[in-house]
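Everything on this sheet refers to the single structure shown next.
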Amino acid sequence: MPTFAVIGFDRRPKDAQLRETHRADHRAYVSGNLESLLCAGAMLDDDRSQCGSLYLFQADSVDQVREWLAKEPFVANGIYETLAVREIETSKLWTVPAEPPAFDL
């Protein structure tokens, strides 16, 4: 099954209030929709302020990833200025767990 990386860069200038407004819905959506999600997390600037998000998926197709993203509150509410979805070739050193990981949101 293919692996996909998604990188979302927040709008500039950063709107921390917009991100905070949708954070609870974002966390609820992510924690409730783990079927194809391998990991996710906030990206940080040099000053450690949030500047975007990174997601890794294992999914049947890029369309499946895009469907998941379309319902994700940060995406749906315009948090990201740019959103890149790319299939990645994983290293043989990295294996996908049999069970979805538990996220501490």
Tally up the residues in the stretch 44-92 that are surrounded by 15 or more Cβ atoms within 10 Å (Cβ to Cβ) and charged (D, E, K, R), please. 2
Residue that is surrounded by the most Cβ atoms within 10 Å (Cβ to Cβ), among those in the stretch 22-32 that are hydrophobic (A, V, I, L, M, F, W, C) and touching a Leu at 6+ places or on another chain (Cβ under 9 Å): V30
Answer from D60, D46, D104 - the residue that is modelled with pLDDT under 90 and of a type in the set (D, E): D104
Of the residues in the stretch 1-47 that are of a type in the set (S, T, Y) and out of contact with any helix residue (DSSP H, G or I) (no Cβ under 6 Å at 6 or more places or on another chain), the one that is farthest from E87 (Cα to Cα) is T21
In the stretch 41-60, what residues are over 15 Å from D10 (Cα atoms) and either part of a strand (DSSP E or B) or touching a strand residue (DSSP E or B) at 6+ places or on another chain (Cβ under 9 Å) (or both)? L56, F57, Q58, A59
With the requirement that a residue be more than 16 Å from L44 (Cα to Cα) and at pLDDT 95 or above, what does the stretch 4-20 give you? F4, A5
Selection within the stretch 57-88 - without any contact (Cβ under 8 Å) to a residue 60 or more places away in the chain and among the polar types (S, T, N, Q): Q58, S61, Q64, N77
Could you go through the stretch 14-32 and let me know if any residue there is under 11 Å from the mean Cα position of the chain (by Cα), assigned to a strand (DSSP E or B) and not hydroxyl-bearing (S, T, Y). no
Is the stretch 65-73 home to any residue that is at pLDDT 90 or above and more than 17 Å from G8 (Cβ to Cβ)? no
Residues of the stretch 32-82 satisfying the condition of being under 17 Å from L18 (Cα atoms) and among the aliphatic types (A, V, I, L, M): A42, M43, L44, V75, A76, I79
Of all residues in the stretch 33-43 being surrounded by fewer than 16 Cβ atoms within 10 Å (Cβ to Cβ) and under 15 Å from W68 (Cβ atoms), the one that is nearest to the chain's Cα centre (by Cα): C39
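The values are calculated or read from the model by the stated rules, or taken from the named source; none is laboratory data. Note that this is a predicted model, so its numbers are computed, not measured. For neighbour counting, all protein chains shown are included, and Cβ atoms are generated from backbone atoms with ideal geometry for every residue, glycine included.
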